[in-house]
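Everything on this sheet refers to the single structure shown next.
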Amino acid sequence: MVMTTNVDALTASQASTRLAQGDISSLELTRAVLDRIAQIDGQIQAYLTVMAEQALVQAKEADRRRAQEGDQASPLLGVPIAIKDVICVPGAPTTCGSRILEHFESPYAATVIEKLCAAGLVIVGKTNTDEFAMGSSTENSAYFTTRNPWDLERVPGGSSGGSAAAVSAGMAPLALGSDTGGSVRQPAALCGGVGLKPTYGRVSRYGLVAFASSLDQIGPFARDVRSTAMLLSVIAGHDPRDSTSMPRPVPDYTQALRADLHGVRVGVPQEYTVEGLQPAVSDAVQKAIAQLQDLGAEIREVHLPHTPYALPTYYLIAPAECSANLARYDGIRYGLSTPDAPDIWEVYRQTRGSGLGPEVKRRVMLGTYALSAGYYDAFYLKAQKVRTLIRQDFDRAFEQVDVIVGPTTPTTAFKIGEKADDPLQMYLSDVFTLSCNLAGICGISIPCGFAEGLPIGLQIQGPAFGEERILHVAYAYEQATGWHKSRPQISKEHDR
Amino acid sequence: MSLTRDQVKHVAELAKLRLTETEVDLFQEQLSAILEHAARLDELDTDNIPPTATVLPLRNVMRPDQVQPSFPRQAMLQNAPAVQEHCIKVKAVLESE
């Protein structure tokens, strides 16, 4: 009864409590989320596919399980979740935001999806993404551009922009995204939510459509830190089907959430003050650092001298891996095909030429070039060596501090179209998030203020498998400030 | 670092991408700009730095060599553009004169 009126403001953690107390059922909660999608997604366009029918079946099953399992029920049983459309969910298309996979239905579920189902979460739909997760705005989606719930003229960030916008606009309390260079943290920052990129190897990539295999990680979105920790506890863990997942036990991440920061050493890198950093973003981050100090943290300056080289390093390594991974879209085994082509080579050329969008082609070209004879040493190998230097920067910094804080993005959400014609400018919006993937460490973005009505994100990075540390600091800050409680006002007048 | 039109076309052929002439022009300009930015890496002396291919301490992950159930053939073929007698149908790979 209460639910239908404020579903957009409810965190997954609060939903979990109400479900456990019997105040609401999963069916009511799921219906409220689906209603909300029907009311406002015509404006936001966060979802590529809404799985209403399946969701209601899963919700009923969750209610049945709760009746049976009682106190033993898993904490997120019956809580709705949205899935970025690069993660394989049977029973719906997995398009990756690309024409080349427009009608592709995965015959199997990603490991994270199996884990969600085992924990009883309710999958409400697949969210929009830049094509094959390549982009920072969702403008590279072959289908449409998702709108930022705080300002419909602006991008939600990307590539997991659909997931970030869905959570921010109340169209799902939780979502999964993928983060190769910032694609969870950057849209979380721009939409005013929480987004976490786990350590490389923390979450199985089985069933995540590959973009850059040495950088990709699946990560959770939520409206607060506690819900993020709860979802991470569900999806993390070793998977025999992903040989790059680490055989390490998974803690209950909510145990790390404490409001006191005494004894925590927070590093602030000089190098994160760059040209193009919006003054309001810089101010908000400075205030956040002062707040962390007030909460008991010790603030230390650290150096990450190779930070300026992260962008060129990333834009050689990620495209190189992408060009190899995307060779599979050849019009033979699945996806778009051009049957009228005269020979097999033309099938390849025409399928890929017509099925892949401009940004994907650009990166396939860049990566093919960087790996080609005569240029491999100068570009790809060079970038891999600089990647070592970037990792060493973080290794040294984490000898002195527990976490590193700074802005998630140099600016708040930019206007749709503003950077669409200039790939380098677009790439710069990930300048603070890329090195985390190159180093394989973990990072989280949480809200830390507003500039002219647009959310600002604070990034907290931790060492490999330091998720408990970044969640601890994020939680303490969040509880002391409450920025996460602000929600965008979206009129329900314009129905689909 | 500037790419020629011929280089762009050569790379497109390596990647098996059919490009329009407009795309060739666009990529010539954009890839040149990106590679110019990438040339910043030359500022760093990396002669004695080992490359990072993976951040993980894991190498050569093995599993027991045991027969396990795999996906049903029908499910694996459901997305294929052309199927004939439980096989994926492709155009001739080896030329016959």
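Each value in this text was obtained by applying a stated rule to the coordinates, not by laboratory testing. Just so it is clear, the structure is predicted and the values come from calculations on it, not from any experiment. Every residue, glycine among them, receives a Cβ derived from its backbone with ideal geometry; neighbour counts consider all protein chains shown.
Dipole magnitude for region A:396-496: computed about the Cα centre from +1 point charges on Lys and Arg Cβ and -1 point charges on Asp and Glu Cβ, it is near 200 debye. Between A:Cys117 and A:Gln400, the modelled label-to-label distance comes to 4.9 nm, taking each label 7 Å out from Cα in the direction of the beta carbon.
Restriction of the trypsin sites (Lys or Arg not before Pro) in region A:17-92 to DSSP coil positions whose beta-carbon has at most 16 other beta-carbons within 10 angstrom yields no sites. Projecting the Cα atoms of A:Phe132, A:Gly91, A:Gly193 onto the charge dipole of chain A (Cβ charges, centred on the Cα centre) puts A:Gly91 farthest toward the positive pole. 3J(HN,Hα) couplings calculated from phi for region B:65-79 with the Karplus curve 6.51 cos²θ - 1.76 cosθ + 1.60 (θ = phi - 60°) are, in sequence order, 7, 10, 6, 10, x, 10, 5, x, 4, 4, 5, 6, 9, 4, 9 Hz; Gly and Pro show x. Ordered by the number of other Cβ atoms lying within 10 Å of each residue's own Cβ, fewest first, B:Val11, A:Val50, A:Val79 fall into the sequence A:Val50, B:Val11, A:Val79. Ranking B:Val83, B:Leu3, B:Thr54 by how far each Cα lies toward the positive end of the dipole of chain B (charges on Cβ) leaves B:Val83 at the top.
Evaluating kT/(6 pi eta Rh) at 10 °C and 1.306 mPa s, with the Kirkwood radius of chain A over Cα pairs in the Stokes-Einstein relation, gives 71 µm² s⁻¹. For chain B, the direction-averaged projected area of the alpha-carbon convex hull comes to 13.8 nm². Between B:Met62 and A:Ala451, the distance separating the two model label sites (each 7 Å from Cα on the Cα→Cβ line) works out to 5.5 nm.
With R₀ fixed at 22 Å, the C-beta to C-beta distance from A:Tyr108 to B:Thr54 puts the FRET efficiency at about 0.35. With a Förster radius of 22 Å applied to the C-beta separation of B:Ala82 and B:Thr22, the computed FRET efficiency comes to 0.10. Counting 0.36 nm for each residue step from A:Val57 to A:Ile299 and taking away their Cα separation leaves a gain of 82.1 nm. Applying a DSSP loop filter and a limit of 16 other Cβ atoms within 10 Å to the chymotrypsin sites (Phe, Trp or Tyr not before Pro) in region A:86-134 leaves A:Tyr108.
For peptide B:75-84, the mean count of partner chain Cβ atoms within 10 Å of a residue's Cβ comes to 5. Under 5 Å between amide hydrogens, built in the peptide plane, is the criterion, and for A:Tyr47 it picks out A:Asn128 among residues at least 5 positions away or on other chains. At full extension, A:Asp283 and A:Ala38 could sit 84.4 nm farther apart than now, given 0.36 nm per residue minus the alpha carbon distance. Roughly what would the spin-label model give for A:Asn6 and A:Gln68, points 7 Å off Cα along C-beta, in nm? The two pseudo-label positions are separated by 3.3 nm.
Legend: distances between Cα atoms for A:Lys60/A:Lys84; A:Lys361/B:Lys9; A:Lys361/B:Lys16; pairs beyond 21 Å are A:Lys60/A:Lys84.
To the nearest ten degrees, helix B:5-14 and the longest principal axis of the Cα atoms of chain B are 20 degrees apart. Loop-resident chymotrypsin sites (Phe, Trp or Tyr not before Pro) (DSSP state other than H, G, I, E or B) in region A:263-332 with no more than 14 further Cβ atoms inside 10 Å of their Cβ are absent. Placing +1 on the Cβ of each Lys and Arg and -1 on the Cβ of each Asp and Glu in chain A, which of A:Tyr375, A:Tyr329, A:Ala118 has its Cα farthest towards the positive end of the resulting dipole? About the Cα centre, the residue reaching furthest to the positive side is A:Ala118. Couplings 3J(HN,Hα) of region A:464-470, computed from phi: 3, 6, x, 4, 5, 5, 5 Hz, in residue order, whole Hz [Karplus 6.51 cos²θ - 1.76 cosθ + 1.60, θ = phi - 60°; x for Gly and Pro]. Rg/Rh for region A:271-339 stands at 1.30; both radii use Cα atoms, and Rh follows the Kirkwood definition.
Rounded to the nearest whole Hz, the Karplus-based 3J(HN,Hα) values (6.51 cos²θ - 1.76 cosθ + 1.60, θ = phi - 60°) of region A:313-329 follow the sequence 5, 4, 7, 10, 5, 4, x, 4, 5, 5, 5, 6, 4, 7, 5, 5, 8, with x at glycine and proline.
Around the Cα centre of region A:1-122, unit charges on the Cβ atoms of Lys, Arg, Asp and Glu (plus for the first two, minus for the last two) sum to a dipole of about 100 debye. Helix B:21-38 axis versus longest C-alpha principal axis of chain B: approximately 70°, rounded to the nearest ten.
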